[in-house]
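Novice: Dumping the structure here so I can ask a few things about it.
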Amino acid sequence: MCLPQIKMMKALYLEDSLLKECDSVVVSIKDGKYVVLDQTIFYPKGGGQPCDTGKITKANEVYTVVYVGKFSGEISHEVDHTGLKEGDRVHCLLNWERRYKLMRSHTAAHVFASLLCTGAGVLVTGNQLEEDKIRFDFSLEKFDRGTLEEYIEKANELFKKDIPVKWYELPRDEALKIPGLIKMAEAFPPNIPSLRVVEIVGVDKQADGGTHVRNLKEVGQIKLLKTENKGKSNRRVYFTLS
Ligand SMILES: [Zn+2]
């Protein structure tokens with residue numbers, strides 16, 4: 001899902017999702033533990049993707065980043081203890097293992113959603129990544145595990161192929177002309193002048209502010225974990241990277 005542009009802080013992960021570390025300056029601190037930086041590689045929780053974790057270091061002092069969220073357009077890093085001050089020069093380091101797994105899951109989720117949308121004409125109503133699984137909610141009356149296994153199989157075929165994934169900004173009007181760009185049953189705020197588009201070449205285009213791998217081959221394979229009925233036509237499915 002799209003995230004509004006950030007006013008003063010540079011969200012480096014939007015352009016380069018492969019950055020694992022960066023130098024930053026502390027812009028402000030709230031209650032000693034909520035840190036705003038001039039630029040960051042830390043993804044804030046949102047759009048179905050969990051936040052990054054990692055470390056912020058100042059000289060030899062290490063602050064563990066336990067949560068990252070976005071509040072009033074600013075990315076706030078919650079650290080485990082106080083001590084950082086406005087103007088401090090710090091070094092940021094991501095928990096890359098966690099982030100890369102989320103990037104693989106997130107990219108897998110695009111492919112699965114795209115196959116479901118085009119193949120079964122379903123509307124995806126919810127999508128939440130967790131560290132070890134991916135949850136999908138969608139609307140479909142006729143539903144059985146075998147059909148879903150077929151979609152998982154189709155997705156796995158695509159993950160064997162050398163298919164690039166790219167992302168870029170498009171003016172809002174132009175972006176909204178792309179069919180199926182917004183698969184989630186959720187409207188974009190009308191005040192965003194441009195949308196970030198994530199394109200899996202030949203497979204899917206989606207308006208999206210999350211982090212993804214550069215090629216479908218990086219995803220690996222996925223497997224179905226469980227399926228649930230949540231009412232007459234609301235379905236829930238969990239799958240995971242295998
Ligand atoms: Zn995405």
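Novice: Find the residue count for the range 106-121, including only residues that are touching a Ser or Thr at 6+ places or on another chain (Cβ under 8 Å) and buried (at least 20 other Cβ atoms within 10 Å of the Cβ). Full working, then the answer.
Specialist: Looking only at the range 106-121, we keep the residues that are touching a Ser or Thr at 6+ places or on another chain (Cβ under 8 Å), and these are 106, 120.
With buried (at least 20 other Cβ atoms within 10 Å of the Cβ) added as a condition, the list becomes 106.
The total comes to 1.
Novice: Still on this structure: Quickly run through the range 74-123 and pick out the residues that are touching a residue at least 24 places away in the same chain (Cβ under 8 Å), part of a helix (DSSP H, G or I) and charged (D, E, K, R).
Specialist: Arg98, Arg99, Lys101, Arg104
Novice: Moving on. Taking the range 186-222 only, how many residues are farther than 21 Å from Pro44 by Cβ and loosely packed, with under 12 Cβ neighbours inside 10 Å? Give the derivation first.
Specialist: Narrowing the range 186-222 to residues farther than 21 Å from Pro44 by Cβ: 190, 199-205, 214-222.
Filter once more, keeping what is loosely packed, with under 12 Cβ neighbours inside 10 Å: 190, 202.
Result for the range 186-222: 2.
Novice: Determine which member of the set Gly202, Gly180 is within 15 Å of the ligand (Cβ to nearest atom) and assigned to a loop (DSSP other than H, G, I, E, B). Don't jump to the end; show me each part of the working.
Specialist: On the way: Gly202 fails: within 15 Å of the ligand (Cβ to nearest atom).
Being within 15 Å of the ligand (Cβ to nearest atom) and assigned to a loop (DSSP other than H, G, I, E, B) holds for just one of Gly202, Gly180, which is Gly180.
Novice: Inspect all residues belonging to the range 43-58 and state whether any of them is away from the ligand (no atom under 16 Å from the Cβ), more than 14 Å from the chain's Cα centre (by Cα), more than 22 Å from Ile192 (Cα to Cα) and of a type in the set (A, V, I, L, M, F, W, C).
Specialist: Yes: the range 43-58 contains one or more residues that are away from the ligand (no atom under 16 Å from the Cβ), more than 14 Å from the chain's Cα centre (by Cα), more than 22 Å from Ile192 (Cα to Cα) and of a type in the set (A, V, I, L, M, F, W, C).
This table checks each residue for (1) in contact (Cβ under 8 Å) with a residue 40 or more places away in the chain; (2) acidic (Asp, Glu).
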residue: Asp38; (1), (2): no, yes
residue: Ile41; (1), (2): yes, no
residue: Gly46; (1), (2): yes, no
residue: Pro50; (1), (2): yes, no
residue: Gly54; (1), (2): yes, no
residue: Asn60; (1), (2): no, no
residue: Ser72; (1), (2): no, no
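Novice: Hey, another quick one. For the range 64-73, enumerate the residues that are of a type in the set (Phe, Trp, Tyr) and either over 17 Å from the mean Cα position of the chain (by Cα) or outside any strand (DSSP E or B) (or both).
Specialist: Within the range 64-73, Phe71 is the sole residue that qualifies.
Novice: It is to be established whether one or more residues within the range 16-26 are in contact with an Asp or Glu (Cβ under 8 Å, 6 or more places away or on another chain), among the β-branched types (Val, Ile, Thr), farther than 26 Å from Arg214 by Cα and in a strand (DSSP E or B).
Specialist: Yes, because at least one residue in the range 16-26 is in contact with an Asp or Glu (Cβ under 8 Å, 6 or more places away or on another chain), among the β-branched types (Val, Ile, Thr), farther than 26 Å from Arg214 by Cα and in a strand (DSSP E or B).
Novice: Please go through the range 209-242 and give me each residue that is assigned to a loop (DSSP other than H, G, I, E, B) and out of contact with any helix residue (DSSP H, G or I) (no Cβ under 6 Å at 6 or more places or on another chain), ordered by number. Outline the logic, then answer.
Specialist: Within the range 209-242, the first condition is being assigned to a loop (DSSP other than H, G, I, E, B), and the residues that meet it are 209-214, 220-221, 230-233, 242.
Passing the criteria: Gly209, Arg214, Gly220, Lys230, Gly231, Lys232, Ser233, Ser242.
Novice: Could you list, ordered by first residue, the pairs with Cβ atoms under 8 Å in which the first is in the range 206-228 and over 29 Å from Phe143 (Cα atoms) and within 15 Å of the ligand (Cβ to nearest atom) and the second is basic (Lys, Arg) and part of a helix (DSSP H, G or I), at least 6 apart or interchain?
Specialist: Final answer for the pair search is Thr211/Arg99; Val213/Arg104; Glu218/Arg104.
Since every read-out is calculated from the coordinates, none of them should be taken as a lab result. Being a predicted model, the structure only gives us computed values, none of them experimental. Quick reminder, even Gly has a Cβ in these numbers, built from the backbone with ideal geometry, and neighbours come from all protein chains shown.
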